[in-house]
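Notes to accompany the following structure.
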Amino acid sequence: MEITALDIAITKITALNIAMALLILFLFGLGLYLILKKGRKRKKEREIRRFNELVQTFIESEEIPVSLKDDALNYIFVNLAMEDFYGISSEAIIGLDDFEILDDKMAMKERKTDKKVLATKTFVTDEMLWRGKIFKTTKFPVDLLNGKFGVGAYIRSASEKNREKYLKTLMSISDGVMIVDPMGKIEMLNSTAAEMTGWTAREAMGKHYSQVFVLEDEKKSGVVPDPIAEAFRDNTMKEFDSKVVLVSRDGKKYHLEDSIAPISDDEGQIDGAIVIFRDVTEIKGKRDAMEYNSFHDALTGLYNRRFFEEELIRLDTERNLPLSVIIGDVDSLKLTNDIFGHEAGDELIKRVSEIFKKVCRADDIIARWGGDEFAILLPQTEKKDAQKLSDRIRDNFSKEKIKSIQGNVSLGVATKYQPEENIEVIIASAEDNMYMKKTLNRGKKKEDAFNIILDKLYGELPVEAEHARKTSEVCKKIARKMKLPEAEINKVSKAAYLHDIGKVALDKEVASKNEYVIDETFKEMKMHPVVGYRILNAFDHTMDLANVVLGHHERWDGTGYPQGLKGKEIPKLSRIIAVGERFDDMTTDTDYRSAIGSNEALEEMKRNVGTHYDPEVVEALEKVIIEEAVATVRLSR
């Protein structure tokens, strides 16, 4: 039943006389052969003219679409029937290839068979669907005057057998296929179309296509232009709009791609339409993602520099004046990256981005200009208003903290008022303004940042503050007993006070645990000398203490961390802190154990001389303890 209905819908074109087609080939071959055999220039030119007249007279008098392409597969001849077939004049076709005339899919198919003709020097036949009708193409090699081969072709309607074969192909292809009659009633759905619409072929048969093939706009549900009705009205092929989705019977939505071809009878009257479509939901998602990524920063979701520069060109017009620009630089990004790693730095960048989005207007162009730089484009905005916006951004960001890093951003503002002003100069001016503020505030902001880090550690962990103070005192005494220069004594005192500053990067629970106990958090705990090194190395006034703090958990026998240094490879002041902080730890009550006496702690440390500790440092500690014991006895008398 379905095949019979389709046979009525698809146009029947009378089969061409094969003998006539062979005559065309004979004329081409004979004419070209005669021309190539002529020796004298005049005779050759005369024969060429005679041959062209003969071929043109014959071909133009027939209804067989005939064409000839050169060795580069560009058209060099089409007859009137071929002009009618393509709907393009020969003047417009000559010199073009199929990709300039046909859609890419059909052009690719034509190119494939053309190349096969040239490669095999044989006849190649193929089938094609053109404007709702099925045709058979025959292609053959043609010996050209330049000694190379071209491709000749003629087109005829498909036989009944071929049309049935083509129908079976339509039924089996992976694309969805729906055929409707002139009244818009469905005559056929293939299995793919049935699956995508949610209707079986039997259920859909005889129903108007609008009941089965339901289209909506991808963003706002509702009526969309009907491409099938348009194909009927204009009697031309139509393609689906990229915003259209097919809504299945069960509510599932498919993004579609492909076309509708009206079917005409022999008199050119509309006899139905073939709708071929495929699900491109996944492909569209990838395309949308690619398009989004090409104009957006992956981390923040803000526009990227490429988009900003394109918008700058678009908005740099007189009607957008005054046009203001804000350039911003996140002052604390490098410090955050250096101390806490790039994950924390990324979080800082995200926070800045959120503040920009919150403070700016919806139509302002906000872009991540570079690693730690941002740019905002403000059409029709006075400089004073741009400055107010800049102040709000800075105030909001100053309330943000990542780990213990205070958020700071330097912002520069510039405005274009006159059309003749160069926008690039305006941007450079905003950048200069931003860098000037960054330079003026650099010292104070860095010092403030260091104090915030220290306050966070000792504010959240008062026990650490007391441990730092006492360790500093005992290390100072040890250094004096070792007769170190006063500068070194002061240096070890400062380094000892800051030796655990790296714990600011640890979770509070981990930071408060015994750092000498090996458990599941020990690996994390072992990083605190490294983080401490990064922090101290980031500030001018503590840079000379960084290496001392880095080495305070190294051991005399080389089994310590983080570098595994041995003996005198370990900085001397680090060796002093290793003894001083361990002594304070053992003689102070903690959550994990009770304190022991000074002499007991000293004996414990002596047992580890030559493995954990420098013998010279432990000896100096012993002198300190004896001296303090003697002083205590004297005071008690």
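For residue 439 and residue 395, a Förster radius of 22 Å and the Cβ-Cβ distance give a FRET efficiency of 0.60, rounded to the nearest 0.05.
Electrostatic tally near residue 625: other residues with Cβ closer than 12 Å to its Cβ, Lys and Arg +1, Asp and Glu -1, net -2.
Once both labels are positioned 7 Å from their Cα atoms along Cα-to-Cβ, the gap between residue 195 and residue 635 label points is 9.0 nm. Measuring nothing but how far apart in sequence close Cα pairs (under 8 Å, 6+ apart) lie, relative to its length, the stretch 461-636 scores a relative contact order of 21 percent. Couplings 3J(HN,Hα) of the stretch 570-587, computed from phi: 6, x, 4, 5, 5, 5, 5, 5, 4, 6, x, 6, 5, 5, 5, 4, 6, 9 Hz, in residue order, whole Hz [Karplus 6.51 cos²θ - 1.76 cosθ + 1.60, θ = phi - 60°; x for Gly and Pro].
Residues whose amide H lies under 5 Å from that of residue 296, counting only those 5 or more places away or on a different chain, are 304; hydrogens are built 1.01 Å from N in the peptide plane. In order along the stretch 338-355, the phi-based Karplus estimate (6.51 cos²θ - 1.76 cosθ + 1.60, θ = phi - 60°) of 3J(HN,Hα) comes to 5, 8, 10, x, 6, 5, 5, x, 4, 5, 4, 4, 5, 5, 4, 4, 4, 5 Hz; Gly and Pro are listed as x.
Amide H to amide H, with H built 1.01 Å from N, residue 280 comes under 5 Å of 255, 256, 257, counting only residues 5 or more places away or on other chains. Between the residues 261, 182, 225, the greatest Cα displacement towards the positive end of the dipole of the stretch 173-285, with unit charges on the Cβ of Lys, Arg, Asp and Glu, is found for 225. Would you tally the net charge around residue 422, using a Cβ to Cβ cut-off of less than 12 Å, leaving residue 422 out, and scoring K and R as +1, D and E as -1? Computed value for this residue: -3.
The modelled label-to-label distance between residue 490 and residue 342, using points 7 Å beyond Cα along the C-beta direction, is 4.0 nm. On the beta carbon distance between residue 243 and residue 448, with R0 = 51 Å, the FRET formula returns roughly 0.45.
With R₀ fixed at 35 Å, the C-beta to C-beta distance from residue 283 to residue 350 puts the FRET efficiency at about 0.70. Each of 454, 474, 419 was placed along the dipole of the stretch 357-501 (beta-carbon charges, centred on the mean Cα), and the one lying farthest toward the positive end is 474. Placing a pseudo-label 7 Å from each Cα along the Cα-to-Cβ vector at residue 71 and residue 127 gives an inter-label distance of 3.5 nm. Local charge for residue 110 was computed over the other residues whose Cβ lies under 13 Å away, with Lys and Arg +1 and Asp and Glu -1, and equals 0.
Normalising the average separation of contacting C-alpha pairs (under 8 angstrom, six or more residues apart) by the number of residues puts the relative contact order of the stretch 275-374 at 36 percent. Less than 5 angstrom separates the built amide H of residue 157 from those of 16, 136, all sequence-distant by 5 or more or on a different chain. Each part reduced to its alpha carbon centroid, the stretch 182-254 and the stretch 446-472 end up 70 Å apart. Phi-derived couplings, Karplus 6.51 cos²θ - 1.76 cosθ + 1.60 at θ = phi - 60°, listed residue by residue for the stretch 289-297: 5, 5, 5, 4, 5, 5, 10, 10, 7 Hz, with x used for Gly and Pro.
Values quoted throughout were computed directly from the atomic coordinates according to the rules given, and no laboratory measurement underlies them. Computed from a predicted model, the values in this text were never measured in an experiment. Cβ atoms come from the backbone with ideal geometry, glycine included; neighbour counts cover every protein chain shown.
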